[in-house]
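Engineer: Input: one structure, supplied below.
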Amino acid sequence: MLLKHGEAIDPDHRQRLMEATRLAGESREGIRNAYDVLNQEIEHVIRSLRNGIIFSSTVIAAIAGGVIGAIVIFFFLYPILDVTAPSEVNLLSPKNRDTVSDSKPIFDWSDVSDSSGVTYTIQISSSRDFSNTVIDRTGRSTSTFTPQTSLTDGKYFWRVQAVDGAGNRSPFSEIFTFTLETTP
């Protein structure tokens, strides 16, 4: 049986391939999707060949184009994706083992830069292992934080993590502890 260009490709596969190709330039997931669709098409052709279907030269050219597309996606586009985590944050204030009298202390840490942008996650806990987290704020665009509600007197632990625009996370900072005493 001789199939002409396009006959070996299921219309659903063709539509998915066109969509995957569009998405490939937009995200890491799009690249993976495009690669998966290309692999499915190549597997479809191999199964067809095993079943005795002979393809025309235009179909073979389309298959070769798909293989080249997969190579381009993985060897040229994929390596330029950002997989490097931002630098670890250094905590500045309150200092480690500080005693603080303001029930809404200002937390400050070093800025981290990344070409894709950086946000921060701050966690404040009453336990060193952060099993009793009092505050957990993500997506902070500045390197300071002031709680909206007052903290109660006691001992606290805090740490910060940087997250770049590609979703790479730094390790959490060193854990600092402070004691809040609002009454003299």
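Engineer: Tell me, Y156, Y120 in order of fewest to most beta-carbon neighbours within 10 Å?
Structural biologist: Arranged by neighbour count, lowest to highest, Y156, Y120 become Y156, Y120.
Engineer: Got a sec? How would S125, S87 order by Cβ neighbour count within 10 Å, fewest to most?
Structural biologist: Least crowded to most crowded, the residues run S87, S125.
Engineer: A further question follows. Using the Cβ atoms and a cut-off under 12 Å, what net charge is assigned to the surroundings of S143, where Lys and Arg are +1 and Asp and Glu are -1?
Structural biologist: It works out to a net charge of -1.
Engineer: Apply 1/(1 + (r/R0)^6) to the Cβ-Cβ distance of K95 and N168, taking R0 = 22 Å, and write down the FRET efficiency to the nearest 0.05. Could you put the intermediate results ahead of the total?
Structural biologist: Values: r = 28 Å, r/R0 = 1.29.
Once the sixth-power term is evaluated, E becomes 0.20.
Read the figures in this text as sums done on the coordinates, not as results from a lab. Since we're looking at a predicted model, the values are computed, not measured. So basically every Cβ, Gly included, is an ideal-geometry build from the backbone, and we count neighbours across all protein chains shown.
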